[in-house]
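**Q** Here it is, the structure in full.
The values are calculated or read from the model by the stated rules, or taken from the named source; none is laboratory data. Note that this is a predicted model, so its numbers are computed, not measured. All Cβ positions, even for glycine, are placed from backbone atoms using ideal geometry, and neighbour counts span all protein chains on display.
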Amino acid sequence: MARVAIVTGGTRGIGEAISLALKDRGHTVVANYGGNEEKAKAFTEATGIPAYKWDVGDHEATLAGCARVAEEVGPVDIVVNNAGITRDGVLHKMSFDDWNEVMRINLGGCFNMAKACFPGMRERGWGRVVNIGSINGQAGQYGQVNYAAAKSGIHGFTKALAQEGAKYGVTVNAIAPGYIDTDMVAAVPAPVLEKIVAKIPVGRLGHAYEIARGVAFLCSENAAFVTGSTMSINGGQHMY
Ligand code: CAA
């Protein structure tokens, strides 16, 4: 059955692949984006998927953005919380702003989107929330106390909200991607990235579509009995 889906950060990287995968499965997809106008415009032109701009870390803006989607497109049944940023740096060099922005957007964004969309799913008796966590939220990563804390928080958030949604037909799951060939990973200094890739048993970075296919499964009717779970898609880098 076709559903209305919002993918946050849905015009670039892993989010773009998720938007396309959900569209391929017949859903009506809206891609949220935070700032890159040029890419959002090109994405909509290429895919026909509308792009709506708001900052998922901003509570009021998220409530307003989701209300606009519901009015213009329809009640939202699927939310994929993919939007995220990095502000890497070792703790002794990390500013409070670097900490706060990553928590506000990566973890706060999940709360804000759930506040906007979860109550409607609960009332209608069907919903899917998929949160994009990270291998670095499971295992930690040098230079990422902010990002690892936010992503680890996403895994806890997922398990808690799953318990609230279960009896209303709303599943809440997480995917923990490893290192995927996106702009975010390309920003890791080359010598550091080489060392990381050397530790991936599959021997390469992942592709965005490999994450998107996992998301599409979790959003499907077939996944009705899967809730509160974390699907690790990381080439065997961390078996958890
Ligand atoms: N373990 C132990 N020591 C480490 C280390 C590690 N993993 N990485 C670096 N170090 C050490 C270095 O050997 C160096 O030691 P010496 O001073 O004794 O030589 C010291 O730490 C400083 O290293 P850098 O020169 O790299 O320090 P920096 O301040 O210039 O940069 C950093 C630090 C920004 C954290 C940089 O190392 C970095 O970018 N690391 C990659 C972080 C990372 O993996 N980010 C993931 C981004 S992608 C993503 O997050 C998506 C996802 O979900 C997977």
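**Q** Answer yes or no: is there a residue in region 216-225 that is touching a Leu at 6+ places or on another chain (Cβ under 8 Å) and within 14 Å of the ligand (Cβ to nearest atom). Step through it out loud before you land on a result.
**A** At the first step, the residues of region 216-225 found to be touching a Leu at 6+ places or on another chain (Cβ under 8 Å) are 216, 219.
Checking the rest, the ones that are also within 14 Å of the ligand (Cβ to nearest atom) come to none.
Scanning region 216-225 turns up no residue that is touching a Leu at 6+ places or on another chain (Cβ under 8 Å) and within 14 Å of the ligand (Cβ to nearest atom).
**Q** Inside region 154-240, counting only helices (runs of 4 or more DSSP H) that do not spill past its ends, which hold 1 or more residues that are among the hydroxyl-bearing types (Ser, Thr, Tyr)?
**A** 208-218
**Q** A further question follows. Read through the list (1) near the ligand (Cβ under 9 Å from one of its atoms); (2) closer than 18 Å to Ile105 by Cβ, then give the number of the only condition that Tyr142 fails.
**A** (2)
**Q** Any residue in region 44-71 that is free of Cβ contacts under 8 Å to residues at least 60 places away in the same chain sitting within a Cβ distance under 9 Å of a residue that is in a strand (DSSP E or B) and basic (Lys, Arg)? List the pairs, counting only those 6 or more apart or interchain.
**A** Listed pairs, sorted by first residue: Gly65/Lys53.
**Q** Another one. Going by the conditions given, is Val102 part of a helix (DSSP H, G or I) and either farther than 21 Å from Thr62 by Cβ or over 14 Å from the mean Cα position of the chain (by Cα) (or both)?
**A** no
**Q** Suppose we filter region 67-102 for residues that are β-branched (Val, Ile, Thr) and out of contact with any Lys or Arg (no Cβ under 9 Å at 6 or more places or on another chain); how many remain?
**A** 5
**Q** Let me ask something additional. Filter region 148-165 down to the residues that are surrounded by fewer than 24 Cβ atoms within 10 Å (Cβ to Cβ) and more than 25 Å from Val4 (Cβ to Cβ), then identify the one that is nearest to the ligand (Cβ to nearest atom).
**A** Ala148
**Q** Continuing with the same structure: Which of the numbered conditions does Val145 fail, given that it passes all the others? Conditions: (1) more than 21 Å from Arg3 (Cβ to Cβ); (2) crowded, with 23+ Cβ neighbours inside 10 Å; (3) of a type in the set (Val, Ile, Thr).
**A** (2)
**Q** For region 35-47, indicate whether the set of residues that are crowded, with 19+ Cβ neighbours inside 10 Å and closer than 21 Å to Met184 by Cβ is non-empty.
**A** Scanning region 35-47 turns up at least one residue that is crowded, with 19+ Cβ neighbours inside 10 Å and closer than 21 Å to Met184 by Cβ.
**Q** Continuing with the same structure: Could you list, in sequence order, the residues of region 166-185 that are modelled with pLDDT of 95 or more and either near the ligand (Cβ under 7 Å from one of its atoms) or among the aliphatic types (A, V, I, L, M) (or both)?
**A** Residues satisfying the conditions are Ala166, Val170, Val172, Ala174, Ile175, Ala176, Pro177, Gly178, Tyr179, Ile180, Val185.
**Q** Considering region 59-98 alone, what residues qualify as being in a loop (DSSP other than H, G, I, E, B) and within 14 Å of the ligand (Cβ to nearest atom)?
**A** Residues of region 59-98 that are in a loop (DSSP other than H, G, I, E, B), as a first pass: 73-77, 82-90, 94-95.
Selection gives Asn82, Ala83, Gly84, Ile85, Thr86, Arg87, Asp88, Gly89, Val90, Met94, Ser95.
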